[in-house]
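Presented below is the structure to which this report refers.
The values are calculated or read from the model by the stated rules, or taken from the named source; none is laboratory data. In this text the structure is predicted, and so the values were computed from the model without any measurement. Neighbour counts are summed over all protein chains in view; Cβ atoms, including those assigned to glycine, are modelled from backbone coordinates with ideal geometry.
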Amino acid sequence: MRRLLGFSFLFLSFFLGCQTLSPSTSASSVKEWIGEYRRLNQESPSAETCEGFKKLLQKDFELRSFAALRGSKHCGELLLTEEPEPWMKEEWTQVQLELAEKNKDPKILVPLLLEISLYNLRREEKVQLVQRALDLAQKNKFEKDEIQKIQDRLFLLAPRLQKNYDLKDSLKVAKDFRQAREFPEAQKINLKVLNSNKSSVHQQMAAFEELIRIEKLLHHKEEHIKKLKLYDKFLDRRISKKKFRKLKNLLVRKKKNNEITLVRALWTLGKRSEAEKILHRRIKEKTKSFSYATHYWLLGRIEEEKKNLDESLKWLRLSIKEVQDSSELEGQARWFLAWNLYKAKNYEEAIDVLTWFEESESAEEFSKARALYWKSVSLQKLEKPDPAKKQFERLVEIDPLGYYGLLARRELNLPLVKPQPQNQNSHSYFFRRKLRKVFQPDWVDWMTQMKEKESLKNYMAEVTETYAKQPDQDDEVWLVLLQSYAKAGEYL
């Protein structure tokens, strides 16, 4: 009978999703472990704190590797006796680096610096780490092939640090100077490539485009426009020459894209008339090789700005007909066409255009919700309250917490219900079991209590990255994951 009762208790505990903890891992011992861990973490390193971390390391606790991680700093030696969790690897390497810095052993320091440079850091941080590794390797007379490997990695990260480079590498070097915001040096190299007889037309075009990009980054608006016009002439000269006949399609495409950039720059600067002239001239000279949907779209937007609705509608309709493999542009053109039709009180056609968003697989969810809202409003304008109500109800279903979903609730006189945060403990046993296949919720709570926010971020980053690759995902699981991210101070 006693055995039967014991079995029943264990089965009930399992069914309710409770963990049967051994005395060493009971809730009270976990609380005691975390309390001692936090106390030691706040103390200055000493023999006493070192001994304290070693004692914690011996206790049965799933996250005891933190005692090894933090205790290593207090003891001045590595306490890790097993491979760390993948999400703790970066922090462990940092601890190893700090200890190696104290010992000043280049044989340990150089590999660690190179390993850390592989982590997800800013490029300049990576460059500094590899540069330091190279300096140490050279100073301590490492083998030539080791030094060469480190130098190759450095030049791969920062081509600008090369003292000698060929013309073929000039563009990489110039780009690196531009990314490092050393613009004068970048301009100097690009001009050299542009004016060199040895440069191919591809290299010259790349150099010209870099010079244009630099002017934009410097906010030199007039100089930016000047460079765009010079590039236009450069392309015209190449298009007209027989020796570039094989590249004509590429050159024409480059010219078309450059014109679009020039038109946008002129329009932004208030030179609308000049922008319109370029667009109209290009449309008159248009060829069948390329789509001019963007040219039409820009003319439609300019006419809209001038409050010429009929002209705007004409150009936007042409833009939709011309679209080739550009769902983003088609979506923009259709939206502005629908919006101008709505403003012109042509509600029937506006509804037809907006219906495309519902049927399109390429349209974004926000665009679909926006289109459905204005379709519903257009139905109201046509005095069709029942169809309008159905569309609003549908919008509430597909976009319950979105901007347009909330507007739809207002139209339907529905209360704006504030969503109540779910308590993880209230989830069913089956949901908790599903959750534990994804991650360990207890670890999140424990790391929060331990004030290990950086480690928690790393843990949740690994968990979400892994879960995002799973075929069958669950919105409720994602909600718990995002709530756990919030505990680490991250809001996605």
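Just a few scattered comments:
- Every condition in (1) modelled with pLDDT of 85 or more; (2) within 30 Å of residue 153 (Cα to Cα); (3) assigned to a helix (DSSP H, G or I) is met by residue 48 except one, and the failing one is (2).
- Residue among 339, 297, 356 that is among the aromatic types (Phe, Trp, Tyr), in contact with a helix residue (DSSP H, G or I) (Cβ under 7 Å, 6 or more places away or on another chain) and over 30 Å from residue 247 (Cα atoms): 356
- Scan of the range 383-426 for residues that are over 32 Å from the mean Cα position of the chain (by Cα) and either aromatic (Phe, Trp, Tyr) or modelled with pLDDT under 90 (or both), ordered by number: 392, 414, 415, 425, 426
- Taken together, 104, 139, 73, 144 contain a single residue that is at negative phi, out of contact with any helix residue (DSSP H, G or I) (no Cβ under 9 Å at 6 or more places or on another chain) and among the charged types (D, E, K, R), which is 144.
- Looking at 163, 141, 198, 188, just one residue is free of Cβ contacts under 8 Å to residues at least 40 places away in the same chain and in a helix (DSSP H, G or I), and that residue is 188.
- Cβ separations smaller than 6 Å between residues 6+ apart or across chains give no pair from the range 226-250 residues that are within 13 Å of residue 208 (Cβ to Cβ) to residues that are β-branched (Val, Ile, Thr) and outside any helix (DSSP H, G or I).
- Qualifying positions in the range 351-376 - closer than 23 Å to residue 312 by Cα and without any contact (Cβ under 8 Å) to a residue 24 or more places away in the chain: 352, 353, 355, 356
- Breaking point among (1) modelled with pLDDT of 85 or more; (2) in a helix (DSSP H, G or I); (3) surrounded by fewer than 16 Cβ atoms within 10 Å (Cβ to Cβ), for residue 109: (3)
- Any hit, the range 221-243, residues being under 32 Å from the mean Cα position of the chain (by Cα), closer than 24 Å to residue 288 by Cβ and assigned to a helix (DSSP H, G or I): no
- For residue 89: the one exception among (1) within 31 Å of the chain's Cα centre (by Cα); (2) crowded, with 16+ Cβ neighbours inside 10 Å; (3) among the basic types (Lys, Arg): (2)
- Screening 304, 274, 311, 285 for residues that are under 20 Å from residue 371 (Cα atoms), surrounded by fewer than 21 Cβ atoms within 10 Å (Cβ to Cβ) and of a type outside the set (A, V, I, L, M, F, W, C) leaves exactly one candidate, 304.
- Residue in the range 327-350 that is closer than 20 Å to residue 393 by Cα and without any contact (Cβ under 8 Å) to a residue 12 or more places away in the chain present: no
Each row is one residue, and each column tells you yes or no for (1) at pLDDT 85 or above; (2) over 25 Å from residue 92 (Cβ atoms); (3) assigned by TED's automatic domain parsing to the domain that holds residue 36; (4) assigned to a helix (DSSP H, G or I).
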residue: 433; (1), (2), (3), (4): no, yes, no, yes
residue: 438; (1), (2), (3), (4): no, no, no, no
residue: 447; (1), (2), (3), (4): yes, no, no, yes
residue: 451; (1), (2), (3), (4): yes, no, no, no
residue: 456; (1), (2), (3), (4): yes, no, no, yes
residue: 461; (1), (2), (3), (4): yes, no, no, yes
residue: 464; (1), (2), (3), (4): yes, no, no, yes
residue: 473; (1), (2), (3), (4): no, yes, no, no
residue: 476; (1), (2), (3), (4): no, yes, no, yes
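- Selection within the range 116-125 - assigned to a helix (DSSP H, G or I) and in contact with a Lys or Arg (Cβ under 9 Å, 6 or more places away or on another chain): 116
- Selection count, the range 279-312, where residues are out of contact with any Ser or Thr (no Cβ under 9 Å at 6 or more places or on another chain) and either of a type in the set (Lys, Arg) or within 27 Å of residue 341 (Cβ to Cβ) (or both): 14
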